[in-house]
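The values are calculated or read from the model by the stated rules, or taken from the named source; none is laboratory data. Nothing here was measured: the structure is a model prediction, and the numbers come from that model. All Cβ positions, glycine included, derive from the backbone under ideal geometry; neighbour counts span all protein chains shown.
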Amino acid sequence: MGNVDPALGFLNKARNIAELRSPARDDGTIARILWKIAMVLKNQPGGTSLAEANEANQLLTRAYNARSALTASGEGGEGELYELERRDAMTEMEKEEESFDLLVPGYFR
């Protein structure tokens, strides 16, 4: 896995802390971390094993469900990080990442 191991280690530590801080539900911080872990698993340089692909899909489902619940309740996704011209030039992946970034206060990004 190479450089992926340290990234997953740091993200899993952040996930553990976030889940301790919000044990009853997935808040914006947890959703963002889950999404980032899934992206690391899906985009490994050497490819993804079946187990890692399944884990990534489960994490993405959980992250998307949390994002939907949070934005429906008005807890996240209210603003835009970039001006309209910048957003129009963004790839779909960048827009998706921005949608998860908006779930977390700016000082935690």
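Structure values in brief
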quantity: Which numbered condition Tyr64 fails, given (1) modelled with pLDDT of 95 or more; (2) loosely packed, with under 12 Cβ neighbours inside 10 Å; calculated: (2)
quantity: Failed condition for Pro23, given (1) part of a loop (DSSP other than H, G, I, E, B); (2) crowded, with 17+ Cβ neighbours inside 10 Å; calculated: (2)
quantity: Test for Leu41: is it in a helix (DSSP H, G or I), of a type outside the set (Ser, Thr, Tyr), at pLDDT below 95 and farther than 15 Å from Glu97 by Cα; calculated: yes
quantity: Counted residues, the range 67-82 - those being touching a Ser or Thr at 6+ places or on another chain (Cβ under 9 Å) and either buried (at least 19 other Cβ atoms within 10 Å of the Cβ) or assigned to a helix (DSSP H, G or I) (or both); calculated: 3
quantity: Condition check for Ala51: exposed (fewer than 13 other Cβ atoms within 10 Å of the Cβ), at pLDDT below 95 and either hydrophobic (A, V, I, L, M, F, W, C) or in contact with a strand residue (DSSP E or B) (Cβ under 6 Å, 6 or more places away or on another chain) (or both); calculated: yes
